[in-house]
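Single-structure report; data block below.
The values are calculated or read from the model by the stated rules, or taken from the named source; none is laboratory data. Since the model is a prediction, treat every value here as computed from it, not as a measurement. We place every Cβ from the backbone using ideal geometry, glycine too, and count neighbours over all the protein chains shown. Just so you know, the surface numbers come from the protein's heavy atoms only, side chains and all, with ligands and any DNA or RNA stripped out. Shrake-Rupley method; radii C 1.70, N 1.55, O 1.52, S 1.80 Å.
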Amino acid sequence: MRNYIVVLFVIGTLAGALAGCSRDVTPTETGALVGAGVGTGVGAIVGSAVGSTGEGMAIGAASGSAIGVYVRQEAESADARIAQMQEVIRRQKEELDRQDREIQDLRRQREYNNELSKFGSNYK
């Protein structure tokens, strides 16, 4: 009976994964599916060691799915923070470039004024 439950569980998990592939799968769903798959495998190993393979698979799938969703959401959150920081860096670089151009303009103006002052002193 236990083997029958395990086979049904594996078939159900695969059917769910294949049904999810019939449309675009979101990153969170991918995390849940990957987590469930890994959790099912780990749960089967642990469950068989303690004599409850089916229960181990079910617990592993549920916890693996939850962990997969959590990890994916954390990764998306980190990606958003990275994108924000990249935007801040881009703006700061633009400001530095603007200030560098302003400094160059001021230097040219100073050189021009120095040259003019030389000519002015010759005519006095």
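The table below lists the values:
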| read-out | value |
| --- | --- |
| Check on VAL25, at pLDDT below 80 and either basic (Lys, Arg) or buried (at least 17 other Cβ atoms within 10 Å of the Cβ) (or both) | no |
| Residues of region 40-56 satisfying the condition of being within 19 Å of GLU29 (Cα to Cα) and in contact with a helix residue (DSSP H, G or I) (Cβ under 6 Å, 6 or more places away or on another chain) | THR40 |
| Boolean, GLN73 is touching a residue at least 24 places away in the same chain (Cβ under 8 Å) and closer than 30 Å to PRO27 by Cβ | yes |
| Residue among GLU102, GLU95 that is open to solvent by 80 Å² or more (accessible area, probe 1.4 Å), in a helix (DSSP H, G or I) and out of contact with any Asp or Glu (no Cβ under 6 Å at 6 or more places or on another chain) | GLU102 |
